[in-house]
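Bear in mind that the values in this text are calculations on the coordinates, not laboratory data. Not measured: the values here are computed from a predicted model. Don't worry about glycine lacking a Cβ; one is built from the backbone with ideal geometry, like all the others, and counts go over all protein chains shown.
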Amino acid sequence: MEYLEGYNNNLKNRLFGLLCEYEKGREWEKFLDSILIELMSYPDERKTINYYRLYTKVASLRYLSYEYFRTTVFDCMSLLSKL
């Protein structure tokens, strides 16, 4: 499962990149969509309750104000270590 650890680290970096895109006022929604699409391809046997919590939190980012957006991104990054 070493590849999943690498994948999760990559996803953490992408979530942080999403936050940076949001803060700079760039096209963060396209970036968010690409992360959601990638999460959909997560292996079914690895989809635990924490995966579904992560997916739901990431999907909600589109509707959050900056304060909650930032907090939720860091929550998502923490959840990745539990997958």
Response to the item:
When every residue in segment 24-33 that is charged (D, E, K, R) and touching a helix residue (DSSP H, G or I) at 6+ places or on another chain (Cβ under 8 Å) is compared, the one surrounded by the most Cβ atoms within 10 Å (Cβ to Cβ) is 29
Worksheet, complete the sentence: The residue that is surrounded by the most Cβ atoms within 10 Å (Cβ to Cβ), considering only those in segment 62-83 that are charged (D, E, K, R) and farther than 24 Å from residue 6 by Cβ, is 70
Worksheet item: Are any of the residues in segment 33-42 outside any helix (DSSP H, G or I) and under 19 Å from residue 9 (Cβ atoms)?
Response: yes
Worksheet item: Inside segment 34-44, can you point out the residues that are of a type outside the set (D, E, K, R) and either within 18 Å of residue 19 (Cβ to Cβ) or surrounded by 15 or more Cβ atoms within 10 Å (Cβ to Cβ) (or both)?
Response: 34, 35, 36, 39, 42
Discussion item. When you check residue 26 against the structure, is it of a type in the set (Lys, Arg) and outside any helix (DSSP H, G or I), yes or no?
Written reply: yes
Worksheet item: Limited to segment 1-40, what total is found for residues that are over 13 Å from the mean Cα position of the chain (by Cα) and more than 14 Å from residue 61 (Cα to Cα)?
Response: 9
Discussion item. Between a residue in segment 45-61 that is surrounded by 14 or more Cβ atoms within 10 Å (Cβ to Cβ) and any residue that is aromatic (Phe, Trp, Tyr) and part of a helix (DSSP H, G or I), which pairs come within a Cβ distance under 7 Å, given they are 6 or more apart or on different chains?
Written reply: 61/69
